[in-house]
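The structure appears right after this line, and notes come after that.
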Number of protein chains: 2
Amino acid sequence: MADQFPLSKDHGLKMFFKSSSDGDTRQLKSILEAKLVKDVNVRDHQGWTALMLAARNGHSEIVVLLLEHGADVSLINKSGQTAFQIAEFWNHEECCKVLDPNKNGPSKILPAKEVVNFFGNYPLDRQALRRTDQSWLEAAQKNPTTKYILLSKQNAYTLPPSADNRKYSLCTYRYSQVSHLLENMSESSNQLPIVLLGSELQRNKITDTKDEDLHQSSTDVEGCVWFAIDVTTACSDEIEKLNPGAELLGSNLISLMGFDEGQAGILAQAISILSWHDRYKFCPTCGSSTVMEEAGYKRKCENEECRSLRGVHNTSYPRLDPVAIMLVIHPDGDKCLLGRKKMFPKGMYSCLAGFMEPGESIEDAVRREVKEESGIDVGLVRYHSSQPWPMPSQVMIGCHAWATSTSIVIDENELQDAKWFSRQDVFEAVTQGHRGYTERGGTGIFVPPRQAIAHQLIKTWATTSAHL
Amino acid sequence: MADQFPLSKDHGLKMFFKSSSDGDTRQLKSILEAKLVKDVNVRDHQGWTALMLAARNGHSEIVVLLLEHGADVSLINKSGQTAFQIAEFWNHEECCKVLDPNKNGPSKILPAKEVVNFFGNYPLDRQALRRTDQSWLEAAQKNPTTKYILLSKQNAYTLPPSADNRKYSLCTYRYSQVSHLLENMSESSNQLPIVLLGSELQRNKITDTKDEDLHQSSTDVEGCVWFAIDVTTACSDEIEKLNPGAELLGSNLISLMGFDEGQAGILAQAISILSWHDRYKFCPTCGSSTVMEEAGYKRKCENEECRSLRGVHNTSYPRLDPVAIMLVIHPDGDKCLLGRKKMFPKGMYSCLAGFMEPGESIEDAVRREVKEESGIDVGLVRYHSSQPWPMPSQVMIGCHAWATSTSIVIDENELQDAKWFSRQDVFEAVTQGHRGYTERGGTGIFVPPRQAIAHQLIKTWATTSAHL
């Protein structure tokens, strides 16, 4: 969800809400084209978006225009209403039609637009074709605009939240600061792993006030290049001297979720690749040592006789584990299945999930996991969205799954509990979060925060109903 | 596509077509309930399905009934028409509505029902919870109803096509035939890898005429259990004596595609897991040797000091590589992008595809691959279906992708050519296959056969249009 804007300070924003509410298509178009509003999903003090205001007053043309500019149909105001529910309450048929494109069947709970999850917003061009271009890589490493991020044991050096950005952000270093680390690298097994992350896309330039001058003087048409270095074996005192304000951010879930949304994707990629280098130092086919190649995206076996050197061997490339995660919906359509593991905080319930297995489709993986963990049979499965998950290197594949049975038998090795919850209870859990749970004196449940794909799967289902 | 039935021999089938064509709902219901027809998508001599006959005559109630029983909306008759196109031509509005639930926007080319691809139809319950149950595993191995399949270098011992099944099928062996192989197994590194595949589901009993008696006398309530053994290091003469009719089927694409659809999923799982054991004999974290555990679904490092023994390490579990595969659709909606690699047979074009990378969402992987290989920018991405791909162990994640640019610049390391093709050309390529290409004297193109998810992605797009 977007942060609230300071209304009185922003004339453009006021106009944005007013033109949506009044149905002034021409003015709204010019506001959007001039990019006077940073975020089309910005809220007013009642939690209303421009989309909700347009839906309230039946301006279907405005609704269409806002949707084209990325307005999120799943957001709710402080009264818990979506734009569709508002349009329906006020009986604006045309708006209802636009906001609820699929009234029939299960697809009505699927998002109309692509969902981008936390860690999934990657602001760099990965420059995969440059990974074998040694001279480009060397020039890029030495370029004064190049940014380095440093990780130790998969924990990144980060800058703590500041007044203007209440999130953790990556601490970046210049070549002049890290060149002594790079110079010590060699083909030996003691080399510090260095990984090319990519270069800033023109449209996604990551602003960094201190580096502004450098940016503007740069003649590098491909934009500023980013690298990640694993400094686990370097002297930590020395690293800390480079920027005394930086601190190591743990690579656990709680820490990572406090990370700046625009940079979380970079951190996810750095953690995943560096953790692969950490866990895959030896050739699994022959047991020999391996060396890093292709800017960190390959490890080659040093034994010249090894089979892994012939053909394309997946032993040489980064490992990525697909995980199926699913919200199971009750046959009556108005309850969903949530489970909890022992390690969850008290009161938290979430989606079921599990690693996919070789020889399995995504849909079958969903059915198997649900059956194994809860005893529930699943029929139809529909893909919702996906999310990189750097703990250490998964891709979460999120689905909605329609149950064909209701009697729960949990696998006690996996779950402590699993239950059917009513839409009303789940709606409260999604909208009120952990704070709501505490305020209720710890009754009911809460669900993972919005950064988790589980939250998005649950929210899509819980908030897309005309009968709340 | 379903095979053609010998019409004259089958009264039930005649009634099936007639009741669909006449709109006799009561009769059709009783035919379907009595399972008088094996395959709801069976064709008549003109390639018409029951769904098409019902659509032709405007029987929307019959259309709904057939869809509920798995009728495939994407099939086309010998004139290249889908049921929807037939209904539209004859102006049966209600049928059109049912057959084309999403007329607006990109979702109209997505399947209404879940797509099950080749290799994706898995007829066994994987019994994952039994993998640590040593006494169950031992009893299952010795059970006389248990079926063993044998692979050497990931090639399976198979039975060649027969008169009643024109496909390759797995050669299965009984405990009495393989017990001497199993007895020679030990905890040593020479052990033959044996992997639990699962047990037959009641609803999916795999018929095997010779074993019928055994089946009926079995008291094993969980159904017949299947195992795969890698006999690469065993004496091949001895194995061949066990069933002189069996032959080794190569694990290359062409061979695998001739495999029985109902068993292809079992073969895919066996190849993937056994190939993992073959490539991952050593611990990638410390280089020590590893041993198989959990019925073939884990490898444990033998070095007691190794980090991989603490916590859940993905180094210990089978590797599965997610691949994004996509059909790119031209901004004008009526052309699609296909490419060819040098190694493709002359005239074949297919979807672009590539391995996903750590830190990437499925949608971003699609956009990156398309940009890298063809220079085309992609906006919206929609998931279509997935497919296990045992060469050696991928999961193909199929998507439709909407281009936002049109100018092609290919990556010559990956592709020999990539072009925009008109819907009409692609339609011919899909419906006429390789034979049509030969008959045209090698002009135009052909696309991969229906067993490839690329074919399904292309077919869904090419056949779902009202304007052919």
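Key figures
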quantity	calculated
Folded to 0 to 90 degrees: helix A:423-439 orientation relative to chain A principal axis, Cα	60
Across A:342/A:419; A:371/B:459; A:419/A:459; A:371/B:300; B:14/B:35; A:346/B:298, pairs whose alpha-carbon gap is larger than 22 Å	A:371/B:459; A:371/B:300; A:346/B:298
Helical mean residue ellipticity (222 nm; -39500 (n - 2.57) per DSSP H run of 4+; nearest 500) of the protein assembly as shown	-9000 deg cm²/dmol
Using θ = phi - 60° and Karplus 6.51 cos²θ - 1.76 cosθ + 1.60, couplings along segment B:13-24 (whole Hz; Gly, Pro as x)	5, 4, 4, 4, 5, 5, 5, 5, 5, 7, x, 8
Rounded tilt (10° steps) of A:362-374 against the dominant C-alpha axis of chain A	80
For segment A:338-468: rounded, prolate or oblate by the Cα gyration tensor [a/c cutoff 1.5]	rounded
Residue B:407-residue A:261 FRET efficiency (beta carbon distance; Förster radius 25 Å; 0.05 resolution)	0.15
Percent antiparallel among DSSP beta bridges (both partners in the protein assembly as shown, rounded to 5)	70
Within segment B:26-181: Cβ-based charge dipole about Cα centre, in debye rounded to nearest 20 (Lys, Arg +1; Asp, Glu -1)	600
Nm distances between copies for residue A:36, ranked from closest, using label points 7 Å along Cα→Cβ	7.0
DSSP bridge orientation in chain B - percent antiparallel, rounded to nearest 5	70
Helix A:261-279 axis, angle to chain A major axis (alpha carbon atoms, nearest 10°)	40
Within segment A:12-103: Cβ-based charge dipole about Cα centre, in debye rounded to nearest 20 (Lys, Arg +1; Asp, Glu -1)	280
Candidate aspartates and glutamates - alpha carbon under 18 Å from residue A:241, same-chain residues fewer than 8 apart omitted	A:230
Ranking of B:419, B:342 by count of other Cβ atoms within 10 Å, fewest first	B:342, B:419
Listed residues A:75, A:96, A:393: farthest to the positive end of the dipole of chain A (Cβ charges)	A:96
Proxy reagent accessibility, fewest Cβ within 10 Å first, across A:330, B:59, A:384	A:330, A:384, B:59
R0 of 35 Å, Cβ-Cβ distance residue B:176-residue B:289: FRET efficiency to nearest 0.05	0.60
FRET efficiency, 1/(1 + (r/R0)^6) with R0 22 Å, evaluated for residue B:332 and residue B:439 via beta carbons	0.15
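Since every read-out is calculated from the coordinates, none of them should be taken as a lab result. In this text the structure is predicted, and so the values were computed from the model without any measurement. All Cβ positions, even for glycine, are placed from backbone atoms using ideal geometry, and neighbour counts span all protein chains on display.
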